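A short worksheet on the structure shown next.
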Amino acid sequence: MLAYLPRPPTGTSRYGTFPQKPDAAASPRALVEDSHPQATATAKRSILMPNYPSPPHHGSVTPGEPSLLRSRCSMAAPHHAGDLPWCPPAATQESGARCCPLHTLSVANIPSSVRGRTPTRSSAATAVPAAEGLQGRRRRLLEEDGPVLQAGKRQRQRYVTKVGKCQVNLGNIQEKKRFLSDIFTTIVDLKYRWFLFVFMMCYIVTWVVFGTIYFFDAWVRGDIRHRGDPEWPVCIENIDGFVSALLFSVESQRTIGYGSRMVTANCAEGVILLMAQSIVGSMIDALMVGCMFVKISRPKKRAQTLIFSKNCVISRRDEQLCLMFRVGDLRDSHMVDAKIRAKLIKSRQTAEGEFIPLEQSELNLGYDTGEDRLFLVEPQIICHVINRRSPFWDMSAESLRREQFEIIIILEGIVEATGMTCQARTSYTEDEILWGYRFEPCMSLEKGAFRVDYSRFEMTFEVQTPAASAKELQELKELEQQEHSTLSLYWDHLLQPCALPGP
């Protein structure tokens with residue numbers, strides 16, 4: 001349970017920021033620039049959004065960094081209306097100084113939130129190690145994510161396995177008699193080896209018990225001692241030992257009736273025993289055959305053809321950061337009234353010091369809009385919007401590496417063939433979430449129908465995704481809106497005609 005607590009932040013995170021050079025002392029000119037409100041807003045934006053995807057601008061691209069676009073300020077590059085501000089105002093720029101872009105293309109799964117926080121340096125000082133800097137960072141990241149660390153992650157106990165089995169063992173149960181009150185469910189829940197053992201023992205025990213009673217009745221009445229005497233009124237014919245009595249018990253309960261052994265009208269107890277065995281045999285047939293039918297046709301086996309993607313992905317959809325995964329059904333018979341929900345399993349400590357192990361919190365998959373109800377004919381991509389009510393509101397690409405949690409996915413529906421409710425489960429840990437990826441399409445149009453290619457079910461591709469959290473993105477958006485409104489008021493004030501003084 002302690003494995004689900006978040007990793008404590010350290011000064012040099014194992015996954016997070018890369019080693020940086022010490023910050024240079026602030027110059028008096030920089031202090032003057034910090035006093036300007038637009039410069040302050042620009043600095044705040046660069047801290048919040050170091051890796052925001054942006055359209056390419058005119059500028060030089062550093063060799064050796066094909067996946068990372070670095071833009072530099074150029075007096076020849078025009079600034080169009082509607083573009084995001086890339087540089088501080090011209091009055092605050094120094095000649096020859098390198099102007100860091102407000103947004104750059106991010107490399108997925110390589111958090112680089114500190115790039116926007118580095119102070120302004122000259123282009124001559126930064127252009128030399130730029131080519132080998134990215135390679136060194138990638139090499140260090142691969143070394144840190146090596147087999148030793150991956151083996152340490154695999155040792156953490158999962159709450160639910162990928163195939164949906166709950167890894168929870170119940171112990172020290174005092175009142176075991178509660179299981180006998182629901183004997184049908186208890187027998188059905190048994191493993192097959194124990195279920196078959198109980199199934200056979202129910203019949204064998206009844207055969208032996210009634211065979212013993214028949215043999216004891218024949219021995220008490222003297223039928224065994226007068227065997228072969230035609231004048232003796234026997235109760236059960238041809239009972240001369242325990243084996244013959246056992247055979248008569250089996251023939252009576254299974255209604256075989258070979259004709260060599262039978263109950264006569266010379267004794268009333270024989271008729272009563274035969275009636276009792278017939279009733280008990282019918283009850284055992286109803287119980288055990290019913291358990292066998294339910295055991296074989298359990299909807300749990302239907303869940304084997306409901307599949308989930310191996311990984312979750314996080315990327316932007318409709319200008320919102322979303323956590324997504326894919327589900328699919330391999331059968332042609334569809335699930336009726338399929339519903340999906342998700343639980344976040346994470347331990348935490350309250351403000352009062354109480355430790356809550358494996359706390360479960362709900363992830364909204366569209367319950368308020370009805371998007372959690374699926375028409376599962378083709379593979380569906382399930383989306384969780386990371387908003388203010390989401391537990392991932394403060395999570396960024398860097399902090400994801402330090403978190404430890406587990407997401408439980410539960411898909412429920414009615415089996416069309418049997419009408420039984422089926423439930424399929426899987427789980428995703430934090431190392432199975434890909435930041436900055438999307439799922440590849442797996443459907444194509446054929447003649448007269450659509451075709452689903454399940455070989456592309458697990459495939460993903462990398463997209464431009466900011467490494468900042470959804471909270472930081474929202475703060476940046478509000479900051480830009482505030483700047484836009486302030487600039488509009490400023491221009492309205494300049495365009496307003498000056499009022500001439502009166503005579």
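The residue list 278, 333, 361, 347 contains one member that is outside the structural domain of residue 395 (by the TED database), hydroxyl-bearing (Ser, Thr, Tyr) and either open to solvent by 20 Å² or more (accessible area, probe 1.4 Å) or at pLDDT below 95 (or both), which is 278. Restricted to the range 281-316, and to residues that are assigned to a helix (DSSP H, G or I) and either in contact with a Leu (Cβ under 6 Å, 6 or more places away or on another chain) or β-branched (Val, Ile, Thr) (or both), which residue is most open to solvent (accessible area, probe 1.4 Å)? Among those residues, the one meeting the criterion is 296. Among the conditions (1) on the phi > 0 side of the Ramachandran plot; (2) in contact with a strand residue (DSSP E or B) (Cβ under 8 Å, 6 or more places away or on another chain); (3) open to solvent by 80 Å² or more (accessible area, probe 1.4 Å), the only one that residue 448 does not satisfy is (2). Of all the criteria given as (1) on the phi > 0 side of the Ramachandran plot; (2) touching a residue at least 40 places away in the same chain (Cβ under 8 Å), the one not satisfied by residue 366 is (2).
None of 398, 403, 430 is closer than 23 Å to residue 473 by Cβ and in contact with a Gly (Cβ under 9 Å, 6 or more places away or on another chain) except 398. Scanning the range 446-471 for residues that are part of a strand (DSSP E or B) and modelled with pLDDT of 90 or more yields 450, 451, 452, 460, 461, 462. Among the residues making up the range 237-270, those that are of a type in the set (A, V, I, L, M, F, W, C) and closer than 24 Å to residue 202 by Cβ are 242, 243, 245, 246, 247, 248, 250, 256, 263. Kindly indicate which of 457, 392 is more than 20 Å from residue 344 (Cα to Cα) and in the same structural domain as residue 361 (by the TED database). Going through 457, 392 in turn, just one is more than 20 Å from residue 344 (Cα to Cα) and in the same structural domain as residue 361 (by the TED database): 457.
Let's see how each residue does on (1) without any contact (Cβ under 8 Å) to a residue 60 or more places away in the chain; (2) more than 30 Å from residue 332 (Cβ to Cβ):
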{"position": "348", "(1), (2)": "no, yes"}
{"position": "355", "(1), (2)": "yes, yes"}
{"position": "362", "(1), (2)": "yes, yes"}
{"position": "384", "(1), (2)": "no, no"}
{"position": "389", "(1), (2)": "yes, yes"}
{"position": "398", "(1), (2)": "no, yes"}
{"position": "404", "(1), (2)": "no, yes"}
{"position": "426", "(1), (2)": "no, no"}
{"position": "438", "(1), (2)": "no, no"}
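Only one of the numbered conditions (1) under 30 Å from residue 298 (Cβ atoms); (2) open to solvent by 70 Å² or more (accessible area, probe 1.4 Å) is not met by residue 411, and that is (2). Total residues in the range 431-445 satisfying the condition of being part of a strand (DSSP E or B) and either hydrophobic (A, V, I, L, M, F, W, C) or open to solvent by less than 70 Å² (accessible area, probe 1.4 Å) (or both): the figure is 8.
The values are calculated or read from the model by the stated rules, or taken from the named source; none is laboratory data. Predicted, not measured: the structure shown is a model, and the values here were computed from it. In this analysis, Cβ positions are derived from the backbone assuming ideal geometry, glycine residues included, and neighbour counts consider all displayed protein chains. The accessibility values were calculated without ligands, DNA or RNA, using every heavy atom of the protein model including side chains. Shrake-Rupley method; radii C 1.70, N 1.55, O 1.52, S 1.80 Å.
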